[in-house]
Amino acid sequence: MRSLARKADDDYVIGCLETERVGFYERLGWELWRGPLAGRSEQGLIPTPEQKGIMVLRLSQTPALHLDSTLTIVCEGQRIW
């Protein structure tokens, strides 16, 4: 995972994953997202309260994060960005 994070740092702004093993990823520097979650579509925000264990990894280009804010993803058809 550490090797993957180093490689991701070249191409991505932030790392994000969903897991049931929160403690494992916390030991590797990932942080649990505490705020509400939602998908973003043409129809607006779609809350996703069923999602649990969302972890983020701050990379060198990650802007300031507030882990209690709303985290959204972009949904296009069946694709999630």
Exercise. Within segment 1-25, can you find the residues that are surrounded by 12 or more Cβ atoms within 10 Å (Cβ to Cβ), over 11 Å from the mean Cα position of the chain (by Cα) and not in a loop (DSSP other than H, G, I, E, B)?
Worked result: Ala5, Ala8, Asp9, Val22, Phe24, Tyr25
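Yes/no matrix, rows are residues, columns are (1) at positive phi; (2) in contact (Cβ under 8 Å) with a residue 12 or more places away in the chain; (3) in contact with a Cys (Cβ under 9 Å, 6 or more places away or on another chain); (4) not hydroxyl-bearing (Ser, Thr, Tyr):
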{"position": "Ser3", "(1), (2), (3), (4)": "no, no, no, no"}
{"position": "Trp33", "(1), (2), (3), (4)": "no, yes, yes, yes"}
{"position": "Leu59", "(1), (2), (3), (4)": "no, yes, no, yes"}
{"position": "Thr72", "(1), (2), (3), (4)": "no, yes, no, no"}
Exercise. Quick one: Arg40 ticks every box in (1) assigned to a loop (DSSP other than H, G, I, E, B); (2) surrounded by 13 or more Cβ atoms within 10 Å (Cβ to Cβ) bar one, so which box is it?
Worked result: (1)
For this session: Please work out if Leu28 is part of a loop (DSSP other than H, G, I, E, B) and surrounded by 12 or more Cβ atoms within 10 Å (Cβ to Cβ).
Result: yes
For this session: Kindly provide the set of residues from segment 44-67 that are assigned to a strand (DSSP E or B) and of a type in the set (D, E, K, R), ordered by number.
Result: Arg58
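Bear in mind that the values in this text are calculations on the coordinates, not laboratory data. This structure is a prediction, so every number in the text was calculated from the model and none was measured. Because the Cβ atoms are built from the backbone with ideal geometry, glycine has one as well, and the counts that use them run over all protein chains shown.
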